Amino acid sequence: MKAIILAAGQGKRMRSNIQKLLHPILGKTIIQYVIETVQATGIEDVTVVIGSDGAEIVATLGSIYPQLHFAIQESALGTAHAVQAGTKQINDNDDVLILYGSMPLVTEELIKKLNVLYEENHIDGVVTASSPHIFKGRVLKQGLAKMRKFNDQSEYDLADLPQTLREDGYNIQAYKSLDDMTVFTGINTQVQLAEAVQHMRNRINTKHMLNGVRMIDPSTVYIDDTVEIKPGVIIYPNVILEGVCKIDGNVIIGPNSHLKNTTVGTAAHINQSVLHDSKIGAGTTVGPFAYLRQNANVGCKCRIGNFVEIKNSNIGDGTKAAHLTYIGDADVGKKVNFGCGAITVNYVGKNKHHTIIEDHAFIGSNSNLVAPVKVGEGAYTAAGSTITNDLQSCSLGIARARQVEKLNWTKTKKT
């Protein structure tokens, strides 16, 4: 079987500078859901019909699905005319599935039911009220060639094709679907896009819950279709998981957490934190109110506490940064301890520099490590120090002004 997906038209009612079918729904564009549903049924030969303004669709989809064919509907003369533009890849003996690219909720199960009806009854075509349709290639091309009727917009309408074929004596049957009618939701406005997001969210969340993921309140959880979650995970309210996230078993994701393109190891605990492009090891706790971004790679059994920010850094197993710490452009060893207010000073106004902290080091509270700098294994920095030179292993770095006490200073000032 081959497929034709109709994707022509900017979608003026969306009132957006983004092509209608390239609007996102939980990690994928509208048309990606349609393409992947078709492919899931085993159909590999897929033609996407675009309008003359569809270069962006070709550029976007071509890089993701290099096996796709594209056909151009030069003039916007309706859906039947768009199908005709897509028949160049169709042979007379082909079975042809036709779908609208604006219906991302159409399911693999619906297509398979339609195909069973088509094959078992040996008919020339089978149609649903909206989408999809299946026709024999020869019958489809003959019917399109004979269509002469116009709708109110002076366009050839695919909805008229079944009647045209019946008038020519072809056996075209209608399929009355018992599926939830939301699968036929078409997207033409921002309101319909929001409705489709809600339907897709319910579908995705249900899939994960049936697979053993517990959601305290699934109505507040948004998970992209690209996210992988293993059984035993607990997700609290107001959680967003975006992009290519991989969540291992027995992880707890606490309320108000936002993860994007992040991997979380077994039994880790994320609480009220933002993690982008990061990796969290098994048994590590993050948050509340931590911010990990851009290649923050945290090892196993670490403690990343409240108001800690990590960026472009590797953190060894067992390291702790309990609160109010910034770690940027650093390689941190195992079982390092960061005191409150410790900072890697990586940016000096023009270039960013690297900090190395070796295993078992202790960074005292309110220490500034001015990169490039290295703190050796087991070394300590005294609280309040600004470290500008490397520290040898097991040494203590003290870099602060000596305390001066002026006795009776306030009494003298008052007089």
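Looking only at region 34-45, which residues are surrounded by 21 or more Cβ atoms within 10 Å (Cβ to Cβ) and closer than 14 Å to Ile64 by Cα? Before you say what the answer is, go through the steps one by one.
Of all residues in region 34-45, those surrounded by 21 or more Cβ atoms within 10 Å (Cβ to Cβ) come to 34-35, 37-38.
Matches in region 34-45: Val34, Ile35.
Would a scan of region 317-336 turn up a residue that is assigned by TED's automatic domain parsing to the domain that holds Val286 and in contact with a Leu (Cβ under 7 Å, 6 or more places away or on another chain)?
Of the residues in region 317-336, the ones assigned by TED's automatic domain parsing to the domain that holds Val286 are 317-336.
Now narrow it down to the ones that are in contact with a Leu (Cβ under 7 Å, 6 or more places away or on another chain): none.
Checking region 317-336: not a single residue is assigned by TED's automatic domain parsing to the domain that holds Val286 and in contact with a Leu (Cβ under 7 Å, 6 or more places away or on another chain).
Which of the residues that make up region 251-278 are part of a strand (DSSP E or B), surrounded by fewer than 23 Cβ atoms within 10 Å (Cβ to Cβ) and in contact with a Gly (Cβ under 8 Å, 6 or more places away or on another chain)?
Step one: filter region 251-278 for residues part of a strand (DSSP E or B), giving 252-253, 258-260, 263-264, 269-270, 274-276, 278.
In the following step, the residues that additionally are surrounded by fewer than 23 Cβ atoms within 10 Å (Cβ to Cβ) were identified as 252, 258, 260, 263, 269, 274, 276.
If the condition is that a residue be part of a strand (DSSP E or B), surrounded by fewer than 23 Cβ atoms within 10 Å (Cβ to Cβ) and in contact with a Gly (Cβ under 8 Å, 6 or more places away or on another chain), then Lys260, His269 are the ones that fit.
In this structure, does Thr262 turn out to be in the same structural domain as Lys335 (by TED's automatic domain parsing) and more than 16 Å from the chain's Cα centre (by Cα)?
Numbers: in the same structural domain as Lys335 (by TED's automatic domain parsing): yes; more than 16 Å from the chain's Cα centre (by Cα): no.
No: the conditions fail for Thr262.
Taking region 357-377 as the region of interest, how many residues are touching a strand residue (DSSP E or B) at 6+ places or on another chain (Cβ under 8 Å) and more than 15 Å from Ala342 (Cβ to Cβ)? Walk me through how you get there before you give the answer.
Kept after step one, since they are touching a strand residue (DSSP E or B) at 6+ places or on another chain (Cβ under 8 Å), are these residues of region 357-377: 357-358, 361-364, 367-376.
Among the residues that remain, those that are also more than 15 Å from Ala342 (Cβ to Cβ) are: 358, 372, 374, 376.
Number satisfying all stated conditions: 4.
The values are calculated or read from the model by the stated rules, or taken from the named source; none is laboratory data. What you see is a predicted model, and the numbers here were worked out from it, not measured in a lab. Quick reminder, even Gly has a Cβ in these numbers, built from the backbone with ideal geometry, and neighbours come from all protein chains shown.
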